[in-house]
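Values quoted throughout were computed directly from the atomic coordinates according to the rules given, and no laboratory measurement underlies them. Here the structure is a predicted model, which is why all the values come from computation and not from measurement. Every residue, glycine as well, gets a Cβ built from its backbone with ideal geometry; the counts of neighbours run over all protein chains shown.
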Amino acid sequence: MARISYREALNAALREELDRDERVFIMGEEVGYFGGAFKVTDGLLAVYGEKRVRDTPISELTIVGAGVGAAMGGLKPVVELMTINFGLLAMDQIVNHAAKIHYMFGGKATVPIVIRAPQGGGHQLGAQHSQSLEAYFLHCPGLRVVIPATPADAKGLLKTAIRQTDPVIFLEHESLYGVKGEVPEDNDFLVPFGQAAVLREGKDVTIVAYSKCVYDALSAAEALENAGIDAEVIDLRTLNPLDIQTVVASIKKTGKAIVAYEGWRTGGAGAEIASRIYEAAFDDLDAPVERVASLDTPMPYNAKLEHAVLPSAGDIVKVAEQMM
Amino acid sequence: MALERDKHTAQRALLTLHEAQLLELYRRMVLIRQFEEKTAEMYARGKITGFCHLYAGEEAVAVGAIYALYDKDYVVSTYREHGHCLAKGADPKVVMAELFGKVTGISKGRGGSMHLFDQDLRFMGGYAIVGGGLPIATGLGLSVQYNEGPEVVCCFFGDGALPQGAFHESLNMASLWKLPVVFVCENNFYGMGTLVQNAICQEELYRFAQPYKMPGVRVDGMDVLEVYGATMEAVARAREGDGPSLIEAVTYRFRGHSMSDPVEYRSKREERIWQERDPIKNLRRKLTVERHVAEGRLGEIEAEVARQIDDAVKFADESPEPSVEELGKGVYAGS
């Protein structure tokens with residue numbers, strides 16, 4: 001184990017997989033000489049060279065499309081989109097191509113591409129740089145959606161993503177890069193897709209979260225403890241595949257569920273998770289499933305306004321208390 | 001304009017290719033034509049449904065370009081791809097079965113007319129988003145370069161793809177990295193029903209090569225030998241590691257954009273002029289007049305292809321449909 005940051009954990013995963021498999025290469029804007037806009041690929045160019053750490057022009061559609069083609073040609077591209085906001089320019093290649101190719105060509109083609117992208121708000125970057133868009137990808141069959149919260153999961157899930165054969169949308173939260181945690185140093189440390197983690201056990205309410213909201217959920221659980229409410233916190237870790245069993249098992253115990261996520265409230269991943277809960281555990285619920293999410297507005301620049309838009313630990317606490 | 005050099009290249013090909021090679025070019029074009037005519041017939045009979053875009057009239061482009069490739073070279077195509085797929089060597093049976101939506105189809109009945117694919121033939125797919133294939137071809141070129149392989153990627157697209165960002169991004173990236181890609185633009189003058197000059201500021205499409213620092217050439221897409229000659233040059237350049245090229249093949253689709261298009265945007269006179277330039281008649285004339293090939297030999301090829309097409313229809317018709325129980329499988333690899 002080593003105590004390293006989320007950023008360093010991702011960097012370690014990339015190094016290990018570059019070492020392990022000659023077919024793995026990194027491609028994206030500023031991944032090489034700049035070291036990545038968020039420094040995730042820092043130092044890799046010097047070790048692996050331009051062939052395997054490739055700076056690209058600002059052409060998101062073709063960065064992803066070339067990754068799709070390279071994957072079909074037998075390589076294992078790890079494409080970095082500077083942020084998910086820019087990834088919208090690549091939606092045609094992600095949704096119409098990467099997600100479809102295996103199925104529509106009768107299972108004869110595979111597209112083992114990993115598309116990494118930072119996302120999320122909280123840094124006063126305004127409406128076009130603060131979005132959390134996991135629901136767009138969760139909606140589309142054929143894509144895996146991976147969204148780690150902890151440094152260990154960032155490493156283990158990225159390694160799993162690189163080693164498997166489906167297109168993966170790997171979403172990192174911009175606020176988490178500096179977060180430190182214990183991370184296994186084992187080269188074969190993998191975190192499987194579709195296994196949620198119970199981070200805190202409790203008996204009164206289940207808080208289902210992913211990405212940065214996992215930390216908000218943990219803070220909320222601490223605050224609730226002082227108020228005599230015992231919250232269980234679940235980190236989904238991957239949205240596709242979605243481990244609803246772990247969530248349902250928890251609700252059987254608590255009878256109440258809050259879904260906390262940073263995407264917009266309307267049509268967000270929380271709506272899907274709430275529906276799955278109703279389908280699988282309606283009889284176990286003592287109250288309607290609650291959502292704590294971003295307000296349905298473009299992100300304002302002003303710090304006070306941005307704070308009001310984003311979900312927080314305080315919001316979770318308030319909702320939990322109302323549910324009791 | 002078709003450059004003098006390309007007329008010479010075509011003439012040289014006519015004089016230097018073996019008769020068997022010329023007959024193979026003829027056979028492939030006849031195969032595509034007859035396949036498309038039969039497809040139209042089967043569409044009218046309700047055996048084929050959905051969107052269906054026929055390639056009749058444009059055969060010289062697919063056949064000429066693909067004949068300049070080795071089997072290991074990649075082809076990336078569009079939704080008007082029956083011709084490219086057949087020219088790359090696909091069995092008409094499995095292509096027809098795909099159009100019929102049968103489980104024996106080349107994409108197991110999941111793709112349809114617009115989504116043919118065969119990894120073994122290195123036919124890397126028909127893509128139905130205009131311009132969608134270009135980034136993928138660029139990436140295949142990247143994989144070849146990465147592996148220091150000898151292959152070349154031949155990417156077909158229509159004039160309609162030129163105003164797409166994917167075209168410009170892909171040409172820039174392919175040229176920047178000197179990727180082994182031959183971009184073949186099939187200029188049939190209409191993006192669906194919109195004339196090229198109503199969609200693109202520069203209607204001499206090969207000129208888009210110049211800003212991307214690659215060779216660009218306009219060839220007569222109704223002359224299989226001219227397309228073949230130009231592609232040979234582009235392929236040689238790509239294989240040498242000198243990067244991509246753009247070929248604009250000026251051609252004409254004899255039918256509408258798709259089966260549902262009544263073709264009201266172009267004149268009968270225009271259609272007649274182009275039918276006079278039929279690429280199959282064009283090669284037939286050259287073979288009989290300049291290479292003294294007997295009419296009977298060409299007739300034999302046509303009859304042989306007709307039997308093959310009949311077999312393909314029979315195979316498609318008698319094949320089973322995919323099972324509904326299996327439809328959820330294969331959304332993810334290994335599932």
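Take the Cβ atoms of residue A:226 and residue A:308, set R0 to 30 Å, and the FRET efficiency comes out at 0.80.
With R₀ fixed at 35 Å, the C-beta to C-beta distance from residue B:194 to residue B:277 puts the FRET efficiency at about 0.95. Per residue of peptide A:105-114, the mean number of Cβ atoms on other chains within 10 Å of the residue Cβ is 6. For region B:4-316, the Stokes-Einstein estimate of translational diffusion at 25 °C and a viscosity of 0.890 mPa s comes to 127 µm²/s, using the Kirkwood hydrodynamic radius over alpha-carbon pairs.
Between region A:268-312 and region B:129-194, what is the C-alpha centre distance in whole Å? Their Cα centres are 43 Å away from one another. Mean sequence separation of contacting Cα pairs (under 8 Å, at least six apart), scaled by the length of region A:2-183, corresponds to a relative contact order of 28 percent. With unit charges on the beta carbons (Lys and Arg positive, Asp and Glu negative) and the dipole taken about the Cα centre of region A:197-323, which residue among A:215, A:199, A:266 sits farthest to the positive side? Projecting each Cα onto the dipole axis, the largest value belongs to A:266. Dividing the summed helix terms, -39500 (n - 2.57) for each DSSP H run of n ≥ 4, by the number of residues in chain B produces a 222 nm estimate of -14000 deg cm²/dmol to the nearest 500.
Where does each of B:16, B:288, B:104, B:231 land when they are ranked from fewest to most other beta-carbon atoms within 10 angstrom?
Least crowded to most crowded, the residues run B:16, B:288, B:104, B:231.
Working from label points 7 Å from Cα in the Cα-to-Cβ sense, the residue A:296 to residue B:45 distance is 5.3 nm. For the protein assembly as shown, the percent of C-alpha pairs falling in each 20 Å distance bin, counted from 0 to the bin holding the largest distance, reads 18, 44, 27, 9, 1.
If only the Cβ of Lys and Arg carry +1 and only the Cβ of Asp and Glu carry -1, the dipole of chain B around its Cα centre is close to 280 debye.
Ranking of A:4, A:207 by neighbouring Cβ atoms within 10 Å, starting from the fewest: A:4, A:207. When both region A:101-164 and region B:7-38 are represented by their alpha-carbon centers, they are found 47 Å apart. Over region A:2-183, with a single point scatterer placed on each C-alpha, what log10 of the ratio I(q)/I(0) does the Debye formula yield at q = 0.11, 0.15 1/Å? The calculated log intensity ratios at q = 0.11, 0.15 Å⁻¹ are -0.41, -0.80. Among A:248, A:79, A:179, the largest mean-square fluctuation in a Gaussian network model of chain A (Cα springs under 10 Å) belongs to A:179.
Could you work out the relative contact order of region B:134-243, using alpha carbon pairs under 8 angstrom and six or more residues apart, expressed as a whole percent?
It rounds to 30 percent for region B:134-243.
Compactness of region A:214-324 was expressed as the Cα radius of gyration divided by 2.2 N^0.38 Å, which yields 1.07. Across region B:4-316, the relative contact order, built from alpha-carbon pairs under 8 Å that are at least six residues apart, equals 24 percent. Roughly how many whole Å is it from the C-alpha centroid of region A:191-267 to that of region A:1-65? Computed from Cα coordinates, the inter-centre distance equals 31 Å.
Backbone N atoms of region A:1-35 closer than 19 Å to the 7 Å Cα→Cβ label point of residue A:163 belong to residues A:1-2, A:9-26. Dipole size of the protein assembly as shown about its Cα centre, with +1 on Lys/Arg Cβ and -1 on Asp/Glu Cβ: approximately 1180 debye, rounded to the nearest 20. The ranking of A:140, B:155, B:201 by Cβ neighbour count inside 10 Å, starting from the fewest, reads B:201, A:140, B:155. Placing pseudo-labels 7 Å out from each Cα toward the beta carbon at residue B:329 and residue A:19 gives an inter-label distance of 4.0 nm.
Expressed in units of 2.2 N^0.38 Å, where N is the residue count, the Cα radius of gyration of region B:12-165 is 1.04. For the options B:146, B:206, B:43, a Gaussian network treatment of chain B with springs between C-alpha atoms closer than 10 Å singles out B:146 as fluctuating the most.
Amide hydrogen proximity for residue A:239: with H placed 1.01 Å from N in the peptide plane, the residues at 5 or more positions away or on another chain lying under 5 Å are A:145, A:146, A:147.
Per the Kirkwood formula applied to alpha carbons, region A:4-44 shows a radius of gyration over Rh ratio, Rg over Rh, of 0.96.
Largest GNM mean-square fluctuation among B:99, B:287, B:246, using chain B with Cα springs under 10 Å: B:287. Taking 32 Å as the limit for the C-alpha separation, the pairs A:51/A:159; B:88/B:329; A:51/B:213; A:100/B:286 exceed it in the case of A:100/B:286. Let a ≥ b ≥ c be the square roots of the eigenvalues of the Cα gyration tensor of chain A; is it rounded (a/c under 1.5), or, if not, prolate (a/b larger than b/c) or oblate? It comes out prolate by the Cα gyration axes. Per residue of peptide B:319-330, the mean number of Cβ atoms on other chains within 10 Å of the residue Cβ is 1.
Test of understanding: extend the Cα→C-beta vector of residue A:189 to 7 Å, then name every residue of region A:140-160 with backbone N under 20 Å from that spot. Residues A:146-160 qualify, since their backbone N sits under 20 Å from the label point. Between the beta carbons of residue B:12 and residue B:260, assuming R0 = 56 Å, the FRET efficiency works out to 0.85 to the nearest 0.05.
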